[in-house]
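Notes to accompany the following structure.
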Amino acid sequence: MNEDRPGTYDYRGIEAKWQAAWQEADLYRARDDDPRPKYYVLEMLPYPSGDLHVGHAKNYTLGDSVARMMRMQGHNVIHPMGWDAFGLPAENAAMQRNIDPRAWTESNIANMRRQIRLMGTGYDWNREFATCDPAYYRWNQWIFLRLYERGLAYKREAPVNWCPFDQTVLANEQAEGGVCWRCGNAVERRNLSQWFFKITDYAERLLAGLDTLTGWPEQTRAMQRNWIGRSEGTTFAFAVDGHADASVGVFTTRVDTVFGVSYVVLAAEHPLVQTITTPEHREAVTAFTASLSSKSDLERTSLMEKAGVPTGAFALHPLTGARIPIWIANYVLAEYGTGAVMGVPGHDERDFVFAKQYGLPIVRVVVPTDSDLAPDAPLDEALTGDGTLVNSGAFDGMSSADARRAITDALHARGIGEGVVNFRLRDWLLSRQRYWGTPIPIVYCPTDGEVMVPDAQLPVILPPNLPITGQGSPLARDAAFYETTCPKCGGPARRETDTMDTFVDSSWYFIRYLDARNETLPFDGARVSPMMPVDQYIGGSEHAVLHLLYARFFTMVLADAGMLDLPGGEPFERLFHQGMVWRNGEKMSKSRGNVVGIDETVETYGIDAMRLFLLKLAPPEDSAEWTDEGIVGRVRFVNRVWRISEPYFPIAKIIALDTLPPCTTDAERDLVRAVHLALASGAEETATRRFHYNTTTARLDELVNALSKATAEPGEPSAALLYAVHALPVLLAPFAPHLADELWSRLGYTESVHLGRWIPADPAALAVAQITVVVQINGKVRGRVTTQPGTPQAEILALALADPNVTNHIGEKPIRKEIYIADKLLNLVVA
RNA sequence: GCGUGGGUGGCGGAAUUGGUAGACGCACUAGCUUGAGGUGCUAGCGCUCGCAAGGGCGUGCUGGUUCGAGUCCAGUCUCGCGCACCA
């Protein structure tokens, strides 16, 4: 019904037509031999969860606008898309619907691919892959083996969430509240032998690299610094009284307070707890430990009350020889530092609270320099600042900083301590006792032990159609999978049945895109190196730490292994976090029932209107509130553009847009100026990498308003008007790609506007004939003077004084001072 | 607590180096237009006093610097995000 009414844009037919044409022409294919400078723009690999909503569209269409803009500005744009296809939801779906995870995943991919294409995005689909494809995950296995060879993959015992009823390991989100999400039974912590990547070997480099990532948001860099958590301090050992072979190692950043130690605390899981606890305390210690072990990680760390019990054992202070009690407490973490701390109640808030609660002595050894508190006054709270040492033997009178060095040296001289750098960062636990992931390519042989699967035997194929019950690991029950022979001795052996964390998949996929069909290597370094790094990475800030840290780690390792030539080893030059789309004051999500789907939106309003609205709504990094009323404005805009352009289709002819048209009137000059203001805005937002195209859409509105007026004038169209009409599709191309190509072809151009050139903004076109100078009296606006640019100050003053409102405000008072900002403002200061 | 980013009309937001606060859009109001009202056109639209000209106030709050502050400085309130018994 739309297509017969003039003045109405048939978005359905036209948008579908152009998408088919682009696909037919393979318009967005990037080639290695393209002589133009490369620009690699990438949105984070999506998980194929099912349906997309307009929040996803905001992300993908932003990347698409950036890609189109850069392509029109002369770059060889690489803009790929693929699927993060392994992971838990597929197994859950398999259980709930009795469907194979692969079938579920593949149908989701098909739907999401359709929807992403439906947005009019220009991806190079020749590079597409899904991480669950053996052609991809075999290289996960290959890379794992290279890390193993370099000593960066290893196995050790580590605690997991374990459901004793389902006999399975649970992810943290499946064990919330300490109960199993499926059966409701209490979750236990259990030690299991697990695979780790030694990311801690790269802690210093990952930290130092952050300083070079000036194209990243500061908050993200701060979060990574925080996560890596580097701290400088001292480790030293307390001897245990009566246990000649035992000592308690502690780490502290405040060794200057060591003379204030009145007790020592171990984590409940500390290995010494079993050996040193005295018989009369054993029962209490065991009970306390048990009460903690039945708690989930979440509960343990959110416990508000500090609690602990004495072990009955005593440590000997290394500098004073004092006998001090050894406790265990819930506030000491086995996984951080040495799993034990020295208790200094006078100078640590936690220790202060703990000491008060259990009546342990509180001693002051550091006097803060900026306090008027008497040196021996009783404390209301711990003094945590630096100061001057007292009650510290030979170290009295030293500043905290000096004392830290001197005491560390003293401990070192006795062979019981040293200065160390400690990190909060832990090794990356990649083992998952699950089915839907990359099998870890290791075989266990009774004679040869842990053996790598040879490269020639990769991939270790994930067997299809295993029953998924939620109880235990399907692979561990499949004898056909785990029964194998040892690659070394040929004897019977057992395969590793753990699969890899899906973060492995997303830690190098951006390199694979550059050589996506390579069948002999994960990628060819000579081929991919010139295309790295990713110039612009776009994705949510929820990945600020894990994914973005793991990907940096992998890229550094691959570069170190000589597989990739990338100075600095940083994969992402610039990073942009897009904001989420909200509706009714809440984040858009299926569970809240406030999603606005892609299919319905495109059907009702059209793709280009949706894209323009998502751009206009807010700066892309901000979260934005979706409204159904708001998008109507963009539908109006699209239709106005169409109505304005339509009369010029019959008189189509090619215009050279990089030359300014001759203008005879101010109105014509203003129209051309509006074109170039919009061009300047688009180029500026792209060049600065701010991507605030919401302001560019405002310039486009102004241009269309001006065009609307100009086309209403009777008579032959001026050169300026024709120029503006022809420039409009170029301006729209990055944002409303279908409308742009339709206008462009109707106006007589044969090649797609997306292969054409952006028009550089011309300063001559931006110049103005008339300026308005604001006249202020004592900083308040009292008048305006309209004149030519470059008018001398004296003349401006004369014009200003001709304004009665200006003279009224001056009155009889003399002008004490004149401030003149050329062509902008004249401020007269009167007494 | 530590880190980090914000607070501007009824709403989303705009505003180079300090220099006309509120661009552009939504909503709203009035009018015009059409064969019937959803997607056309024109005008108005921060609050307030005023018939008007014009005035006063106004960017979370309190001070400060300046001829001039949304923008800079100090303090403070508040919201979002991240991490958190990190030794």
What share of Cα pairs, in percent, lie more than 47 angstrom apart in chain A?
43 percent
Answer in debye to the nearest 20: the dipole magnitude of chain A about its Cα centre, from +1 Lys/Arg and -1 Asp/Glu charges placed on Cβ, is 560 debye
From a point 7 Å beyond the Cα of A:Glu702 in the direction of its Cβ, which residues of the stretch A:721-746 have a backbone N at a distance under 12 Å?
none
Helix-derived [θ] at 222 nm for chain A: sum -39500 (n - 2.57) over DSSP H runs of at least 4, divide by residue count, nearest 500?
-11000 deg cm²/dmol
Cα-based helix-to-principal-axis angle, A:134-149 vs chain A, degrees rounded to 10
50 degrees
Explain nothing, just the number: relative contact order of chain A, from Cα pairs under 8 Å at least 6 residues apart, as a whole percent.
14 percent
Scalar couplings 3J(HN,Hα) for the stretch A:457-470 by Karplus 6.51 cos²θ - 1.76 cosθ + 1.60 (θ = phi - 60°), nearest whole Hz, x for Gly and Pro, are 8, 7, x, 6, 6, 6, x, x, 6, 7, x, 10, 10, x
Between helix A:279-293 and chain A: long-axis angle, C-alpha atoms, 0 to 90°, nearest 10
20 degrees
Unsatisfied cross-links (Cα-Cα over 30 Å) in the set A:Lys38/A:Lys616; A:Lys38/A:Lys653; A:Lys17/A:Lys58; A:Lys38/A:Lys198; A:Lys616/A:Lys709; A:Lys587/A:Lys616
A:Lys38/A:Lys653; A:Lys38/A:Lys198
Angle between chain A longest axis and helix A:693-712 axis [Cα atoms, degrees, rounded to 10]
10 degrees
List the residues, sorted by chain then number, that are 5 or more residues from A:Val420 or on another chain and whose placed amide H is less than 5 Å from its amide H.
A:Gly233, A:Thr234, A:Thr235
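Every read-out reported here was derived from the displayed coordinates using simple, explicitly stated rules and does not represent laboratory data. These numbers were taken from a predicted model, which means no experiment stands behind them. Ideal geometry is used to build each Cβ from the backbone, glycine not excepted, and the neighbour counts take in all protein chains shown.
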